[in-house]
Structures are given as C-alpha cells and as structure tokens.
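Student: Shown below is the structure under consideration.
Read the figures in this text as sums done on the coordinates, not as results from a lab. Owing to the predicted nature of the structure, the values given are computational and were not obtained by experimental measurement. Cβ atoms come from the backbone with ideal geometry, glycine included; neighbour counts cover every protein chain shown.
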Amino acid sequence: MRVLVVGGAGYIGSHTARLLASQGHEPVIFDNLRTGHASVSRLLGLPFIHEDLASGPERLAQVLSDQKIDAVMHFAAFALVEESVHHPAKYYSNNLVATFNLLEAMRQSGVNRFIFSSTCATYGDPIATPMDENHPQSPVNPYGRSKLMVERMLKDYSSAYGLRFASLRYFNAAGSSPDGLLGEQHDPETHLIPLCLLALLGRRNKITIFGTDYDTPDGTCIRDYIHVDDLAEAHILALEKITERSEPLILNLGSEHGYSVREVITSVERVTGQKAPIVEGARRPGDPPSLVASAGLARAVLKWRPRYRVLDEIVATAYIWFKKGGRYDDSLS
Ligand SMILES: NC(=O)c1ccc[n+]([C@@H]2O[C@H](COP(=O)([O-])OP(=O)(O)OC[C@H]3O[C@@H](n4cnc5c(N)ncnc54)[C@H](O)[C@@H]3O)[C@@H](O)[C@H]2O)c1
C-alpha cells in the first residue's frame, strides 16, 4: 500500500515509515520539519515531501493524487502538555485545524483509510487503573482536548462520509531502533528515559523527580512505557484491519506495566552501569499519580503482540541511540 506518513520525519512516524517499507509497503514521508529531522528520509531512502498541513485541503488533495496515496497515517502534532496550557491557539491550529485540512483533502480525493496518533491524555485524570478504552474522556489540558476533538471529528467523518479510521491512544512511547539508525530527538526533551540518558552521558546536569509524595509504592508517578517499534507494528496491523472491515478502531497502545519514575531511573542505571544525578522537586500541576493502559482490545482485535516486555530492554535500545550521539545530522540532508 502507498501510505502518506504525515509527521514521518519525527520520532514515532520515522520508525513506522521504516517498518512499513520493510514489510513491502511504499511510505511517503510528509513533514514540515518543525520538530522532525531532514535526515530521516535520507537515512531510510524514502521519498520526502517537505510541506505543512497548513497549506490547505486543495494543495493536500493534490499531494494525495500526485503521490497515488492509498492510506494516511497521521503523526503530525505539537505534543508539549505545558506549552499547550500557555499557547492553546498553537495546539488547536496545528493539531485540530491542520487535521481538518488533511481529512478534507482525503474526502476530496477519495482516500478513505486513516490512522490517527491519539493519546492517553484524552482520558484526563484516571478514575480507574489500568485504563481501558471505555474510561471517561475528560482531558485536563488543551493538548489532550485537541486530540479528543479530532477523535470526535473522525467518528463524524466515518458516519457521514464512510471514512475508515483507527484512533490509537498511545501511552508513553520509548526506545529506539535496535540498530541505532533512528531514535528520539526532541527539543526541548521532556521524556524521562532520554532525559536520564542525556544526564548520564554528561549532556544535562541532573534529573529532577517531580513529586515524591504521591500515593504510589515509592511516592513517584507511575507510567506505562511502550517501545516505538511495537507502536509501529500496531499501526500496520490497524491499517490492515480497517482495510478488511469498515468499523472504526479505537484502541489503547501500552505495555500494561506501570513503572515509577524511580524504577525508570534504576533501570537506566542498570543498563548503563552508571549512577544518575537525581534531584527531588515538587509535584508538577496536572501530573496524575498513575497512568497504565489496559491494551487487551488491541491484542485481541489486531493480534498485536508487543515484543518488548521488560523496561530494561526498551532502555537498552534507547541507550544504543544515545551512545551514538543521540542526534540526527541534518546538515547532510
Ligand atoms: N511521544 C509520545 O510518547 C506520544 C504519546 C502519545 C501520543 N503521541 C502522539 O504521537 C504523534 C507523534 O509523536 P512524536 O513523539 O513522534 O512527535 P515528533 O514531534 O517527533 O513528530 C511529529 C512530526 O510532525 C511534524 N509536523 C508537526 N506539525 C506539522 C504540520 N503542520 N505539517 C507537517 N508536519 C508537521 C513535525 O515536524 C515532526 O516531524 C503526535 O501526534 C503525538 O501527539 C506521542
């Protein structure tokens, strides 16, 4: 299948584009490089369209027909929770309006398969854990609300226009390609595993633990980490599933294991053999104590079997990337 990978120069999109190509599909990367990396398409040897979703439905429809696209995977978004609180317009514009442009382009050009990067942030504060797909959706920040609004839009497009879609609600994506070709490079970096590795490699001074008095076994927040290649695999399975049957898919993607911040730091110390420079800080507003997925539905419906079951294995792949420098060389592209 010829798949437009929107946001394919970013972290999760690049790993998915690579897996698509390795399974015989034809991914075409579409990215404005706002937070993505020009070298991804060169490293993967894949076609690249350097453009912004803001260019509007007509132009995007032209891209879909010029490129003979069969399906769209949509990873492009801004994803910094705190920034979304201070700059909601930026989030509604890039996460909601830009997605509307893309869906309109698909409608105009008759492309009707769509895989959407949603998030556990659409649930808001957990009232039960682990969280399944029926957990109430009451997001507590504009980032989560922008993603929830897209989920609602997808349902409406599906009922009225026959769009076939999957909304995949990821928990915490982590890890890198085990051969170190692709990895995680966000600026600013806000994710715990890269932050720990950067500190251990001397590229940051310290790791701050935000809150040590939560009602959890060691007092720190608990999160569910899922390897980026396992996420990529689920996207391809979801695409196959919506091709085979028209019902929308709404699925959590997580490992179903919760690790506290202290457990993650200990895992990074074990994998690297080094002691992390830790500082204990106050809680951050809006951080729920525990976010753990129930992902039984994805396993049952997609026959999805995440390969990375243990946090140390995920951290080990991230370490390969950071030991190699943890940066793309975009100057060559
Ligand atoms: N990383 C996680 O743990 C996580 C968890 C839940 C959900 N998500 C969602 O997954 C998706 C991918 O996350 P990521 O960590 O790979 O982010 P990322 O920033 O690495 O990738 C996003 C890519 O989209 C591109 N992009 C953004 N706006 C664009 C636009 N208007 N036009 C064209 N390209 C544009 C960026 O340049 C970047 O390459 C996001 O939608 C995010 O909300 C991520």
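Student: Give me the one-decimal nm value for the distance between modelled label points at Arg204 and Lys155, 7 Å along each residue's Cα-to-Cβ direction.
Tutor: Result: 3.7 nm between the two label points.
Student: Let me ask you something else. What percent do you get for the relative contact order of the stretch 1-97 when only Cα pairs under 8 Å and 6+ apart count?
Tutor: With pairs under 8 Å counted, the relative contact order is 33 percent.
Student: How far apart, in nanometres, would the label points at Ser65 and Asp330 be if each is projected 7 angstrom from Cα along the Cα-to-Cβ direction?
Tutor: 3.3 nm
Student: While we're on this one: Given the rule -39500 (n - 2.57) for each run of at least 4 DSSP H residues, summed and divided by the residues of the chain, what is its mean residue ellipticity at 222 nm, to the nearest 500 deg cm²/dmol?
Tutor: -11500 deg cm²/dmol
Student: Using only Cα atoms and rounding to the nearest 10 degrees, what angle (0 to 90) does helix 142-161 make with the longest principal axis of the chain?
Tutor: Helix 142-161 sits at roughly 30 degrees to that axis.
Student: Show me 22-34, 168-180 ranked by packing, highest mean number of other Cβ atoms within 10 Å first.
Tutor: 168-180, 22-34
Student: So what's the gap between the Cα centers of the stretch 126-177 and the stretch 295-314, to the nearest angstrom?
Tutor: 18 Å
Student: Let me ask you something else. Can you tell me the 0 to 90 degree angle between the C-alpha axis of helix 261-272 and the longest principal axis of the chain, rounded to 10?
Tutor: Roughly 90 degrees between the two axes.
Student: While we're looking at this one, here's another question. Sort the following peptides by mean Cβ neighbour count (other Cβ atoms within 10 Å, averaged over residues), highest first: 50-61, 272-283, 188-199.
Tutor: Working: 50-61: 16.8, 272-283: 12.7, 188-199: 19.7.
Order by mean packing, descending: 188-199, 50-61, 272-283.
Student: Using DSSP, restrict attention to beta bridges with both residues in the chain and report what percent are antiparallel, rounded to the nearest 5.
Tutor: 10 percent
Student: Sticking with the crude label model, points 7 Å out along Cα→Cβ, report the distance from Val301 to His50 in nm, one decimal please.
Tutor: So the two model labels end up 3.8 nm from each other.
Student: Follow-up question, since we're still on this one. Which part of the stretch 13-52 falls in the paramagnetic zone of Val97, meaning amide N under 20 Å from the point 7 Å along Cα-to-beta-carbon?
Tutor: 31-35, 51-52
Student: Right, here's the next one. In the stretch 67-201, if the dipole is taken from +1 on Lys/Arg beta carbons and -1 on Asp/Glu beta carbons about the Cα centre, which of Ser176, Asn141, Ile115 is farthest to the positive end?
Tutor: Ile115
Student: So how strong a dipole does the stretch 1-84 carry about its Cα centre when Lys and Arg Cβ are +1 and Asp and Glu Cβ are -1, to the nearest 20 debye?
Tutor: Its charge dipole is roughly 280 debye.
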